[in-house]
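The structure appears right after this line, and notes come after that.
Just so it is clear, none of the values below were taken in a lab; they were calculated from the coordinates. Bear in mind the structure is a predicted one, so any value in this text is a computation, not a measurement. FYI the Cβ positions are ideal-geometry reconstructions off the backbone, even for glycines, and counts take in every protein chain you see.
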Amino acid sequence: MREISHKLAFADAPVPGRFGDVFDPNNGGVQARVALGDRALLDRAVEAAKKAQPAWAAVNPQRRARVMFNFKALVEQNMDELARLLSSEHGKVVADAKGDIQRGLEVIEFCCGIPHVLKGEYTQSAGPGIDVYSMRQPLGIGAGITPFNFPGMIPLWMSGVAIATGNAFILKPSERDPSVPVRLAELFQEAGLPEGILQVLHGDKEMVDAILDHPDIAAVSFVGSSDIAHYVYKRGVDAGKRVQAMGGAKNHGIVMPDADLDQVVNDLSGAAFGSAGERCMALPVVVPVGEKTAVALREKLIPAIAALRVGVSTDPEAHYGPVVTAAHKAKIENYIQMGVDEGAELVVDGRGFTLQGHEQGFFVGPTLFDHVKPAMRTYREEIFGPVLQMVRADNFEEAIALPSQHEYGNGVAIFTRNGHAAREFAARVNVGMVGINVPIPVPVAYHTFGGWKRSAFGDTNQHGMEGVKFWTKVKTVTQRWPDGGASGDSAFVIPTMG
Ligand code: NAD
């Protein structure tokens, strides 16, 4: 069986003691096993990173940027292979897998401009004969812990900015689809990144805990589910680290009575069911405003859902593929049953979906619930599957309260032709990323990504300038070059420059 190894800066790693299964979601079998590392392996990786990092930090930023340019070109050359590999372990369709990698590459494009953003600040004559300047310096060694659902994009969100700013980076990707992160690290090396600056260590909780406790890792960036994000945040901060930890989501799409419903149905189909709903920016809750909107939307949604094609991830005609594991499929189907038990109306039931020739694959058919209520557990919790829940609201105020009061606050969208309503919504909604007639408002790479409430712990977003801030520390220098003459008396009061 294929074995997926770590990507380390040393060749004599001990034989792994534990392995995890990597499934083929299209067929349900185990296609590979991944080595799971331990504390001892992490210690060695950190030692290698410590040796390599000072020289990398001293490389002038335009040379570091050149590695980013080379890497971008290499990923583009290898896009088809990477997308197929990603799709074969994750289960998202190949075109969507390309999008996953492309969104990560856009962060690399941002990193190609790193000399510009690292320029620092300078004030001449901040006081008599005194100048003040500040510079951003790397933290040293950073680590990233990433989820299964974007094995291309999220490792690149973190590693791109961490490396471009002069850090060494240790990536602990999801053990469910670990191959693409390793391939990306190999391509980074081919692009000219020195050995030891990017290492990939596979593992589960044991490796995560080892990272959080390691005294030489200065910062940890985490993306995954909220309970684990909160745990990572607390344990990492306790150990004195800088931590950003992004969590789960329950994104709402508000549909105003004046919205173009055909467009909304198109947008919702992709945003709720694309990637089998396994996106933190999926739109699994739709909130039609007013009875007429609800009835008309439901009427249009049912045939649109019936027209969705669920297929193997290599099927170019498929709208979405299988979910990632049998356990995840069972979890989604349990939530569907829970929704029925809680009294929501199951309009389209995706349970029991099978694909001829792929009966053991982890497929879940598209599912629609209507009359979902805010008190229901299936509304409060993240399902992370191809399940769309309709929560009816009587008016705008009721609609804006739903995402605002939900414990998650990642993304939200409003569909309307009314600029005033949209503007009001964007200003008032208690959620971090807002789409106006845009169903999946993932910001471009030079802006930043991050939710609010239980969708993110810590106060710094991913990528863009927030990412640069996270992966660097500011040093501020106040300088004076006296002309040699005595400069007056000793000062016993706090200096002011007035
Ligand atoms: P997960 O929380 O199960 O795993 C994330 C990472 O944590 C993995 O690397 C995993 O190995 C590790 N991990 C798992 N259990 C652990 C434990 N008990 N202790 C320490 N570490 C542990 O998440 P997932 O299922 O891989 O990914 C899906 C989740 O990620 C969803 O909740 C989704 O909303 C969220 N997500 C959030 C964002 C965001 O930016 N907010 C983006 C993508 C995904």
Could you tell me how far the Cα centroid of the stretch 203-218 sits from the Cα centroid of the stretch 324-380, in Å? 35
With Cα atoms, 0 to 90° folded angle of helix 94-111 axis to the chain main axis: 20
Fewest Cβ neighbours within 10 Å first, please rank Ile145, Ile336 accordingly. Ile336, Ile145
For His463, His230, His116, order by how many other beta-carbon atoms lie within 10 Å, fewest first: His116, His230, His463
Whole-angstrom gap from the stretch 91-121 to the stretch 424-438, using each part's C-alpha centre: 24
Determine the sum of side-chain charges near Leu36: Lys and Arg each +1, Asp and Glu each -1, restricted to other residues whose C-beta is under 15 angstrom from that of Leu36. -1
Can you tell which of Ile332, Pro257, Val348 lies farthest toward the positive end of the dipole of the stretch 252-436, using +1 and -1 charges on the Cβ of basic and acidic side chains (Lys, Arg; Asp, Glu)? Ile332
Say R0 is 25 Å: what FRET efficiency, to the nearest 0.05, do Met1 and Thr314 get from their beta-carbon distance? 0.75
State to the nearest 20 debye the size of the charge dipole of the chain about its Cα centre, where the only charges are +1 on K and R beta carbons and -1 on D and E beta carbons. 1000
So what does the Cα-only Debye profile of the stretch 100-170 read at q = 0.15, 0.22 Å⁻¹, as log10 I(q)/I(0), no solvent term? -0.59, -0.94
Using the charge dipole of the chain (Lys, Arg: +1 at Cβ; Asp, Glu: -1 at Cβ; taken about the Cα centre), state which of Leu139, Ile302, Gly160 has its Cα farthest towards the positive end. Leu139
Name the residues whose placed amide hydrogens come within less than 5 Å of the amide hydrogen of Phe19, ignoring near sequence neighbours (fewer than 5 apart) on the same chain. Leu36
With +1 at each Lys and Arg Cβ and -1 at each Asp and Glu Cβ, the charge dipole magnitude of the stretch 441-488 around its Cα centre, to the nearest 20 debye, comes out at 180
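How do 474-484, 312-322 rank on mean C-beta neighbours within 10 Å, highest first? Please report the intermediate quantities before stating the final value.
Details: 474-484: 9.6, 312-322: 19.8.
Descending packing order for the listed peptides: 312-322, 474-484.
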Could you tell me which residue out of Gly321, Tyr122, Trp452 lies farthest along the dipole of the chain toward its positive end? Charges go on the beta carbon: Lys and Arg +1, Asp and Glu -1, centred on the Cα centre. Tyr122
Compute log10 of I(q)/I(0) for the stretch 252-436 with the Debye formula, placing one identical point scatterer on every Cα and leaving out solvent, at q = 0.12, 0.17 Å⁻¹, to two decimals. -0.53, -1.06
On average, how much area does the Cα convex hull of the stretch 318-369 cover when viewed from any direction, in nm²? 3.7
Under a point-charge model restricted to the Cβ atoms of Lys and Arg (+1) and Asp and Glu (-1), what is the dipole moment magnitude of the stretch 252-436 relative to its Cα centre, in debye to the nearest 20? 200
Compactness of the chain - radius of gyration and Dmax, Cα, Å: 24.7, 90
Can you figure out the FRET efficiency of Arg428 with Val474, using R₀ = 30 Å and their beta-carbon distance, to the nearest 0.05? 0.35
